[in-house]
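Visitor: Below is the structure I would like to discuss, written out as structure tokens.
Taken together, the values in this text are just the output of simple stated rules run on the coordinates, not laboratory data. Worth saying up front: this structure is predicted, and the values here are computed from it rather than measured. A quick note on method: Cβ atoms are made from the backbone with ideal geometry, for glycine too, and the neighbour counts reach across all protein chains shown.
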Amino acid sequence: MSARPHVLLITADHWPASLLGIAGHPVIQTPTLDQLARCGRRFPRAYSECPVCIPARRTLLTGTSPRVHGDRTFQVTLPMPDHLPTLPGLFRDAGYQAYAVGKVHVFPQRARVGFNDVILAEEGRPHWGVLDDYDIFLGDRGYAGRQFDHGMSNNEYSTRTWHLPDDTHVTNWTAQQMCRMIRRRDPTMPGFWYLSFTHPHPPLVPLEYYWNFYQQLDPPLPETGEWAQDESLLPYRLRLQRAGWHCSTEIEIRTALRAFYALCTQIDHQIRLVIGTLREEGLLDNTIILFTADHGDMLGTHGMWAKRLYYEGSAAVPMILVGTKGDERVGTQQVDHRPVGWQDILPTLLDLAGIEVPESVTGQSMVSAEPRATLYGECNEGETATRMLHEGRYKLIYYAAGNVLQLFDLEDDPTELLDLSTSADHTDVRNRLVAALKAELYGSDLTWLKEGELVGLPEPDFLPEPARDLSIQRGTHWPLPPVVPPEEKSTKIQ
């Protein structure tokens with residue numbers, strides 16, 4: 001069994017596909033990930049089928065679309081479906097040790113979902129009744145309950161540097177725990193290791209070194225498409241998005257971008273420790289490595305921040321695959337432009353490890369299957385619903401409220417500045433993608449059709465409300481806060 005390949009799956013939270021040096025970004029520093037991309041295959045057209053944390057991770061763990069695993073709306077208390085085998089469970093059943101370190105984002109929080117063990121970091125949610133392992137670590141170090149003493153919110157773009165010693169930062173802790181986990185492996189068994197970083201998801205609290213480094217660089221200001229210039233003409237869903245975060249002046253935007261990039265580079269450098277551990281343990285040449293993210297972040301593009309949208313900033317994610325040494329199925333210095341999604345990770349890793357892919361999986365191997373014709377995405381229901389139909393070059397985005405279509409040519413317009421949905425030259429493309437979109441609709445979405453044509457939903461009145469809770473600001477966590485089970489809370493971003 002020890003001759004079988006090991007697998008290291010690395011995920012970040014909120015990392016857009018564009019934030020890689022090797023992808024041509026003019027400022028971001030990602031030397032580790034750039035080198036991994038040269039050692040394997042990069043997929044520039046990789047997407048999160050439902051670009052928000054919990055649904056995306058259900059897709060990752062089951063290899064299935066939101067339609068199959070049952071969540072396209074961020075259902076906090078929905079357990080993993082009993083009838084769907086999970087990625088770690090499949091590796092475990094094939095004779096692997098399956099371990100996770102970092103953010104898993106399942107319910108209940110301590111559910112193993114197929115892992116032999118999980119060392120957990122869940123973004124500071126003791127008010128849900130669970131102390132995760134990072135909370136315990138901080139307490140052991142004498143910093144009980146002080147994770148959020150910096151005063152920054154988990155869903156907002158104010159920033160400052162980390163307030164405790166460097167080695168207590170959750171990024172560094174997560175990498176160190178994974179290094180230790182690899183060293184503690186059973187040498188007679190192959191390992192499946194899931195390394196899940198909670199950043200660059202806000203709070204934007206990088207270490208001072210990385211913050212200082214980006215002060216010497218000027219991140220380019222985000223672009224705004226022609227279609228997004230007049231806010232009064234935006235679909236209801238986008239006006240809600242713009243109203244949710246207040247980071248609009250040049251100073252605010254550049255400050256947030258510098259902090260965000262700093263968190264990315266910090267992760268990149270910490271991955272080096274894990275790679276070094278694999279090398280020193282003599283495992284690196286026989287380890288499959290995949291790096292990706294559950295979704296991106298708009299980071300001010302088109303005047304919007306955060307996720308749940310299908311523009312490139314929010315839905316496109318990095319996807320870097322490195323095979324074992326000499327594995328020609330993956331190759332080296334490869335760039336593969338096929339559209340792929342998070343449902344494809346499970347079958348790809350099983351394929352490379354020689355493990356049978358279960359019939360429940362809707363994804364396909366990124367190294368052996370033929371490229372798919374289209375990739376479908378769905379997020380939210382009712383008035384806030386948005387859908388995507390992607391065929392590689394052209395991407396269709398649909399908003400049910402107001403029955404709004406958008407069409408983008410990603411080859412000629414990679415930053416989606418020009419909406420082609422009313423272009424006479426693109427009528428055939430639009431009709432083709434609309435037909436494919438309609439074929440994907442199910443459940444409550446079918447009410448958007450009348451006599452086979454898209455009619456959507458009436459657009460509600462737009463009544464923005466200020467964020468009284470500062471986008472779900474955490475408080476002091478020592479003494480422990482009162483336990484409020486998540487089922488008693490609202491379903492907005494937690």
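Visitor: Compute the Rg/Rh shape ratio of the chain: radius of gyration over Kirkwood radius, all on alpha-carbon atoms.
Guide: Answer for the chain: 0.94.
Visitor: Give me Cys247, Cys264, Cys50 ranked fewest to most by other Cβ atoms within 10 Å of their Cβ, as a rough exposure proxy.
Guide: Values: Cys247 18, Cys264 27, Cys50 32.
Fewest-to-most ranking of Cys247, Cys264, Cys50: Cys247, Cys264, Cys50.
Visitor: How many percent of all Cα-Cα pairs in region 315-389 sit more than 17 Å apart?
Guide: So the portion of pairs separated by more than 17 Å is 52 percent.
Visitor: Taking the Cα centre of the chain as the origin, how large is its charge dipole in debye, to the nearest 20, when only Lys and Arg (+1) and Asp and Glu (-1) carry charge on their Cβ atoms?
Guide: 1140 debye
Visitor: In 10 Å bins starting at 0, how do the alpha-carbon pair distances of region 207-336 split up by percent?
Guide: Bins of 10 Å from zero give 11, 30, 29, 20, 9, 1 percent of pairs.
Visitor: Over all Cα pairs of region 344-455, how is the pair count split among 10 Å bins, expressed in % and running from 0 up to the last occupied bin?
Guide: The calculated distribution, bin by bin, is 13, 37, 30, 17, 3.
Visitor: Mind putting a number on the dipole of region 111-269 about its Cα centre? Charges go on the C-beta only, +1 for Lys and Arg and -1 for Asp and Glu, and I need it in Debye to the nearest 20. Walk me through the numbers before you get to the answer.
Guide: Values: 14 positive and 21 negative charges, 85 e Å.
Value, rounded to 20: 400 debye.
Visitor: For a Förster distance of 30 Å, can you work out the FRET efficiency between the beta-carbons of Arg184 and Ala3, rounded to the nearest 0.05? List each step's numbers first, then the result.
Guide: On the way: r = 20 Å, r/R0 = 0.68.
For Arg184 and Ala3, the calculated efficiency is 0.90.
Visitor: Let me ask something additional. Once fully extended, how much extra length lies between Thr224 and Val484, figured as 0.36 nm per residue of separation less the alpha-carbon to alpha-carbon distance?
Guide: The span from Thr224 to Val484 would gain 89.6 nm if fully extended.
Visitor: Another one. As a test of the formula, what do you get for the chain when each DSSP H run with n ≥ 4 contributes -39,500 (n - 2.57) and the sum is divided by the residue count, at 222 nm and rounded to the nearest 500 deg cm²/dmol?
Guide: Values: 12 runs with 125 residues, N = 494.
So the calculated ellipticity at 222 nm is -7500 deg cm²/dmol.
Visitor: Still on this structure: Say a paramagnetic label sat at a point 7 Å from the Cα of Asp166, along Cα to Cβ; which residues of region 238-265 have their backbone N under 19 Å from it?
Guide: Backbone N within reach: 259-265.
Visitor: Hey, another quick one. How many Lys pairs in the chain lie less than 21 angstrom apart by Cα atoms, where the lysines are 8 or more positions apart or on different chains?
Guide: Counting lysine pairs in the chain gives 8.
Visitor: Taking the Cβ-Cβ separation of Lys325 and Ser248 as r and a Förster radius of 56 Å, what is the calculated FRET efficiency to the nearest 0.05?
Guide: 0.70
Visitor: Can you pull the Rg over Rh of region 74-123, Cα-only, Kirkwood?
Guide: 0.97
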